[in-house]
1. For region 19-49, give me each residue that is of a type in the set (A, V, I, L, M, F, W, C) and over 11 Å from Val188 (Cβ atoms).
2. Specify the residue that is surrounded by the fewest Cβ atoms within 10 Å (Cβ to Cβ); the eligible residues are those in region 163-180 that are under 18 Å from Glu121 (Cβ atoms) and in contact (Cβ under 8 Å) with a residue 60 or more places away in the chain.
3. Return yes or no: is Leu119 touching a residue at least 60 places away in the same chain (Cβ under 8 Å) and in the same structural domain as Asn41 (by TED's automatic domain parsing)?
4. Got at least one residue in region 237-251 being aliphatic (A, V, I, L, M), touching a residue at least 60 places away in the same chain (Cβ under 8 Å) and either in the same structural domain as Glu199 (by TED's automatic domain parsing) or surrounded by 15 or more Cβ atoms within 10 Å (Cβ to Cβ) (or both)?
5. Is it the case that region 288-305 has a residue that's of a type in the set (D, E, K, R), in contact with a Lys or Arg (Cβ under 8 Å, 6 or more places away or on another chain), at pLDDT 50 or above and farther than 13 Å from Thr233 by Cα?
6. Is it true that some residue in region 18-31 is in contact with a helix residue (DSSP H, G or I) (Cβ under 8 Å, 6 or more places away or on another chain), assigned by TED's automatic domain parsing to the domain that holds Leu82 and not hydrophobic (A, V, I, L, M, F, W, C)?
7. Within region 71-87, is even one residue crowded, with 16+ Cβ neighbours inside 10 Å and among the acidic types (Asp, Glu)?
8. Mind telling me which of the residues Thr11, Thr64 ends up being of a type in the set (S, T, N, Q) and buried (at least 21 other Cβ atoms within 10 Å of the Cβ)?
Amino acid sequence: MSDMVIDIVDTRKRYRGGVQALRGVSLQVPRGGIFGLLGPNGAGKSTLVKILVSIVRPNHCSGTMLGAPIGHKPTLARVGYLPEHARFPEYLKGAEVIRYVAGLADIPRKDAAMKAEHLLEMVGMQDWGKRKMGTYSKGMKQRIGLAQALVNNPEIVFLDEPTDGVDPQGRLEMRHLLRRMRDEGRTVFINSHLLGELEMICDGVAIMDKGEIVEQGTIAQLTEKSRRYELVTRGTLSDGLLSRLKAQGVELRHEAGQNLMSVCGSDPEPVQPILDALRAEGVIIIEMRELRQSLEELFMQSVGAGGVGGSYQGSTPPSLPRKEVVK
């Protein structure tokens, strides 16, 4: 069994009128993780997902999904899908929507009823399953949409903006649910503009811009070059100490009566002699922080500030500490 649930190369799609939606996209998605696909509006994200689930036919696409060629119909029985702005008949009840989708998946009626009950509880809608969709809020409809995407017990689930319209408490519950799905061995593939949400749950990401993949890998891999340690100290630094710090590659600035020192790299070992030198001269060390580029900063860097155009929602401030160790 391959470690990649999606392994495609040179995927191209041109729409009528000459619009080039995808320009030779290659993408590899590991099995059993949460994978985020990012990009500004019009980058080609939804087109790519629709090609993978056989809604849109590509001009060219080589590769596999779940070990079978893209477009292999029997393989789609192992795939779940929640499209963006999913709509269900307002006159149907939540449980009826799930049972209806189960019927489309050839699940026997008795099993469909049991599955609907289980999935409603899984997405926190057990008390609303007998009420009509027309009475639901947008977030509640998203929960039903997620439940129907899981009705066939899929190996890979495609979710397009799954937290759209979901309140903060609902987003927290959704994150727990997505992690549970991953822990069960499923692969979760998410399109989303909520960068802060993705940063908290994704094992890997790909960033698209203008129909191309511009970055791909784990967040740790993509932010490796930006990793650094920052020391916050108080006290006068002697000329001799300043020379030693400079020789060790320490960047120093002063802010609000404090010394802020930056040491590039993810290895904490080079920081130890610096801490020893500061303590030897009686400098007070207030805190040490391990920093890296946020997903929002990585996104902005990859697509360019001008390419975003307000089409995403960031929630992580620049240079947010990822770990804090008070010394």
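The values are calculated or read from the model by the stated rules, or taken from the named source; none is laboratory data. What you are looking at is a predicted structure, and each value in this text was computed from that prediction instead of being measured. Note that each Cβ is placed from the backbone with ideal geometry, even for glycine, and that neighbours are counted across all protein chains shown.
1. Matches in region 19-49: Val19, Ala21, Leu22, Val25, Leu27, Leu37, Leu38, Ala43, Leu48, Val49.
2. Restricting to residues being under 18 Å from Glu121 (Cβ atoms) and in contact (Cβ under 8 Å) with a residue 60 or more places away in the chain, the top hit is Arg179.
3. Here the answer is no, as Leu119 does not meet what is asked.
4. No - not one qualifying residue is present in region 237-251.
5. Yes, the conditions are met somewhere in region 288-305.
6. No, that holds for no residue.
7. Within region 71-87 (the criterion being crowded, with 16+ Cβ neighbours inside 10 Å and among the acidic types (Asp, Glu)), the answer is no, since none of the residues qualifies.
8. Thr11
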